[in-house]
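J.: Handing you this structure, nothing more for now.
The values are calculated or read from the model by the stated rules, or taken from the named source; none is laboratory data. Since we're looking at a predicted model, the values are computed, not measured. Ideal geometry is used to build each Cβ from the backbone, glycine not excepted, and the neighbour counts take in all protein chains shown.
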Amino acid sequence: MLQVIGKRLALLVPTLLGLSVLLFLWVRNLPGGPATALLGDKATPEAVARINEAYGFNKPVIEQYMTYMGKLLTGDFGVSLRTGRPVLEEFATRFPATIELTAVALVFAIGLGIPLGYWAARNVGKWQDHFSVLLSLFGIVIPVFFLAFILKWVFAIQLPWFPTDGRQNPRIDATHVTDFYVLDGILTQEWDAAWDAFMHLVLPGIALGTIPLAIIVRITRASVLEVMNADYVRTARAKGLTAPLIRNRFILRNAMLPVTTTIGLQLGLLISGAVLTETVFAFNGIGRFLRDAIFNLDYPVLQGFIIFIALIYSLINLLVDVSYGFIDPRVRVQ
Amino acid sequence: MTPNGLPKRPSRRFAAITTSLAIGALVLSGCAESQRGDDGGTAGGGDAEVNSTFIFAASSDPASLDPAFASDGESFRVSRQIFEGLVGTEPGTADPAPLLAESWEASEDGLSYDFTLKEGVKFHDGTDFNAEAVCANFDRWYNFKGIQQAESVGYYYNSLFKGYADSPENAVYESCEATSGNQATIKLAKPFAGFIASLSLPAFAMQSPAAMEEFEADKIEGTAEAPVLSEYATAHPTGTGPFKFDSWDNGQQIELSYNEDYWGEKGQIDRLIFRVLDDPVARRQALEAGTIDGYDLVAPADTQALEDAGYKIMAREPFTILYLGINQAVEELADLKVRQAISYAIDKDALIRQTLPEGTEKAIQFIPPVVNGWTEDVEAYDFDPEKAKELLAEAGYPDGFTVDFNYPTGVSRPYMPTPEQIFTNISAQLADVGITANPQPDKWSPDYLDRIQGGANHGIHLLGWTGDYNDTDNFVGVFFGGTKPEFAFDNQELFDKLTEARGIAVLEEQTPLYEEINRDVSELVPAVPLAHPAPSLAFNERVDSFPTSPVNDEVFNDIKLNK
């Protein structure tokens, strides 16, 4: 197992290296060059020269790349052009928010998706099945930002059950230790703050979790249907095992393999979904910051954030692969 | 083995995980302690107890908390709470009034000013505010170097005081001398009639010299286009104002708290939060949901609905101008008769009624009525479509003509809340006299401004201005002080008059000249003044009053709350 993990980690190196080259080339090939992209078409030659000097764009490409990599390896991702703060710091202060949001979205998607998919499969062809399939179709079809708007309008404005924006009601003077607001509330025993932070996560979490929910329902349904009629399930039934045991040990466990893969892939997509959801709910995570960076051509932020996200995405998928080992003993043996 | 022949699940694993999680949480909660005070969240505002936390929606983060290096409205809104200048404004007007300076006296030639300072005032770091601190601030601005001098960094000092210690030949400022603890004399190298009024700008607020030194306020890195802020400008702004800086959660909110040592009267707010909400719809929704207590620049379409729902709309006295710009590089528009025809073709009253907020005043010149030099004696071009058609025929366009009409999209400015609606309204009016508008929408920044101000590729267009302080040159001088691609308007006589007016040291002596200039402009029609829109704010019902100011000199300490 360790060998597998080691191999996968080693594979990360060329992946990230390739990505860094792509990002590096992208910035250097912005229309008119990075300085013009930064300054606009009206830039004076002096301003362009100043920027090129300051950022080293006037040096040979290889040298530029070496400097760039050297900085990356020492953790220097540059400074945001928009806010004037280090990219690493901007990422670090916002990442907990996005993790919280993604976690809620995932809990929502898995917690509802797997039971719903199983329920549909067990009642295949009946109304329960049609209902689940329709619901998941709806989840896939509806754009995230639109769903976010609707949820906000109905459940935060028309029915004031949830907050409209942000991560915490500023009227609650909450203490922040870890920047995971719900956790902070629990650790400091400021229960009102923890509850408030959680309430702020509900609507964006649902908006963000809907697409993965729909996909998980469909994959679970298909996968359970396939396993349900497998020989070993029939054998288990013939042996007279109880229904819950058959469900948990034989059907669900085997059906979970494709579902796990899907969840891993969805996790990466959640980050792109977070760009839209966080914007609608003015949720101060990396998604919203990334949007601002795109609008302002804040390329140090774009470069840095894309590398971070790629790294996280790769690590998550590594985790998913490792988790196969726990779900499916055959993988461990191989 | 269990009775069904299967190995027993290691439920111990589950137990181990939960136990270690629980232990982890306990250990962590040992380190984490609530930093809450037992403030109870209320303040005795005299008779009634009110909630002393006030939350206002900002449309963006401030660019910098060091106002000397800022020029945007959101930075200034925050700095007006933390800092005070020598000069403030009379409440509700743009006229200068004493603030940290109790009085001042100008020499006859307008080149020397003696300021008498308020005594017993302390900066938030406990150091004294005195004449030496005043001189330290002036000398700091004067000694700006490198990118500190860039327009995008030290904009206001650059544009009003022109030169620096390394370029004294252009400089308006000469020296500052602390003659006693509370007396400072500032000498100017050139007359500057707007000097006192300009000191009411937050960019010239008094900052603690000790704090600026400790947190290296002048250490600005990066480039002029992308400056990297100093530690002072991100985390340690130190002034004399009613609120002290607490924290800035970038992208989320800025928190200030009441300065217990404030020299002035204590208001009802102990904790002031500026929450960043960049979407105007989100701001309205946050007000309706109760997350915020108020926000600025309410869309005209929202005011009625909000008022009906019990929210309070408060309009500022207009200190703005919205105009229809005319680019004389376009052949038809170079003809004065055509420009006059456009002026006659526009029904400003209808435009204001249909597209601009309540409280908006009709404009007949390029300065609002409260500004020095405003006169009724200008060519007003009252709405007269028949006259417009006649003029067009005289100019050789009896059947009208087609012209590009540029307007920005997706933007709301204090003088132009909904450009798309204004465009639709005016183009319909122009169509009535035979002028066909060819719509040219562009994204506000950088496309629209670049297109209008950077080159000749535009026709008639919408633009405007919000005054910074009470100075005529800050309006007409900005628009018509020299030839610009925006108007391609060239009239050396007028340019000379504006230069002359700017150089006169005494306000009263400027008046006749500015009246003449306004008359000239109305006859030359380089653009059509449309309206002085009144930007308005919305608050929830617990706000009794808000100190609205035409120049946004609004200190939240003066807010009156009822619960």
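J.: Residues in the range B:279-288: is at least one in contact (Cβ under 8 Å) with a residue 60 or more places away in the chain, among the polar types (S, T, N, Q) and assigned to a helix (DSSP H, G or I)?
T.: no
J.: Output the number of the condition that B:GLU541 fails; it satisfies all remaining conditions of (1) surrounded by fewer than 17 Cβ atoms within 10 Å (Cβ to Cβ); (2) in contact with a Gly (Cβ under 8 Å, 6 or more places away or on another chain); (3) within 24 Å of B:ALA456 (Cβ to Cβ).
T.: Tallying (1) surrounded by fewer than 17 Cβ atoms within 10 Å (Cβ to Cβ); (2) in contact with a Gly (Cβ under 8 Å, 6 or more places away or on another chain); (3) within 24 Å of B:ALA456 (Cβ to Cβ), B:GLU541 fails exactly one: (3).
J.: When both residues are 6+ apart or on different chains and their Cβ atoms are under 6 Å apart, which pairs have a first residue that lies in the range B:200-213 and is more than 19 Å from B:ASP95 (Cβ to Cβ), and a second that is of a type in the set (A, V, I, L, M) and in a loop (DSSP other than H, G, I, E, B)?
T.: B:MET206/B:LEU100
J.: Do we find a residue being within 14 Å of chain B (Cβ to nearest Cβ), among the hydrophobic types (A, V, I, L, M, F, W, C), within 17 Å of A:THR83 (Cα to Cα) and without any contact (Cβ under 8 Å) to a residue 40 or more places away in the chain anywhere in the range A:233-248?
T.: No: zero hits.
J.: Can you name every one of the strands (runs of 3 or more DSSP E) wholly within the range B:361-466 that holds 2 or more residues which are under 30 Å from B:ASP95 (Cα atoms) and touching a helix residue (DSSP H, G or I) at 6+ places or on another chain (Cβ under 9 Å)? Don't jump to the end; show me each part of the working.
T.: Details: elements: B:401-409, B:435-443, B:460-466.
Filter on the range B:361-466 gives B:460-466.
J.: Separate question: Within the range B:282-310, take every residue that is at pLDDT 90 or above and more than 14 Å from chain A (Cβ to nearest Cβ) and give me the one that is surrounded by the most Cβ atoms within 10 Å (Cβ to Cβ).
T.: My answer is B:ASP296.
J.: Could you please tell me which pairs satisfy a Cβ distance under 6 Å, a separation of 6+ or placement on different chains, a first residue in the range B:539-563 that is in contact (Cβ under 8 Å) with a residue 24 or more places away in the chain and under 18 Å from B:ARG283 (Cβ atoms), and a second residue that is surrounded by 18 or more Cβ atoms within 10 Å (Cβ to Cβ) and polar (S, T, N, Q)?
T.: B:PHE556/B:GLN81
J.: Can you tell me how many residues in the range B:515-558 are hydrophobic (A, V, I, L, M, F, W, C) and closer than 28 Å to B:TYR258 by Cα? Explain how you work it out, then say what you get.
T.: So in the range B:515-558, the residues hydrophobic (A, V, I, L, M, F, W, C) come out as B:517, B:521, B:524-525, B:527-528, B:530-531, B:534, B:537-539, B:543, B:546, B:551, B:555-556.
Right, trim to closer than 28 Å to B:TYR258 by Cα and you get B:537-539, B:543, B:546, B:551, B:555-556.
The total comes to 8.
J.: Inside the range B:218-233, can you point out the residues that are in contact (Cβ under 8 Å) with a residue 12 or more places away in the chain and more than 7 Å from every other protein chain (Cβ to nearest Cβ)? Please lay out each step first, then the result.
T.: Within the range B:218-233, the subset in contact (Cβ under 8 Å) with a residue 12 or more places away in the chain is B:218-220, B:222-225, B:227, B:229-233.
Those that are in contact (Cβ under 8 Å) with a residue 12 or more places away in the chain and more than 7 Å from every other protein chain (Cβ to nearest Cβ): B:ASP218, B:LYS219, B:ILE220, B:ALA224, B:SER230, B:GLU231, B:TYR232, B:ALA233.
J.: Just checking: which of the helices (runs of 4 or more DSSP H) contained wholly in the range A:90-187 hold 2 or more residues that are within 14 Å of chain B (Cβ to nearest Cβ) and either within 19 Å of the chain's Cα centre (by Cα) or of a type in the set (A, V, I, L, M, F, W, C) (or both)?
T.: Values: elements: A:127-141, A:144-152, A:181-187.
It comes to A:144-152, A:181-187.
J.: Also, I was wondering about something else. Conditions: (1) over 32 Å from the mean Cα position of the chain (by Cα); (2) touching a residue at least 24 places away in the same chain (Cβ under 8 Å). B:SER412 meets all but one. Number of the miss?
T.: Failing condition for B:SER412: (1).
J.: If you check every pair at least six apart or on different chains, which have Cβ atoms under 9 Å apart with a residue in the range A:192-207 that is at negative phi first and a residue that is among the basic types (Lys, Arg) and buried (at least 21 other Cβ atoms within 10 Å of the Cβ) second?
T.: Correct list of pairs: A:ALA197/A:ARG167; A:HIS200/A:ARG167; A:LEU201/A:ARG167; A:LEU203/A:LYS152; A:PRO204/A:LYS152; A:ALA207/A:LYS152.
J.: Between A:GLN266, A:GLN303, which is away from chain B (no Cβ under 12 Å), over 27 Å from A:ILE114 (Cβ atoms) and assigned to a helix (DSSP H, G or I)? I'd like the intermediate steps shown before the answer.
T.: Numbers: A:GLN266 fails: over 27 Å from A:ILE114 (Cβ atoms).
It is A:GLN303.
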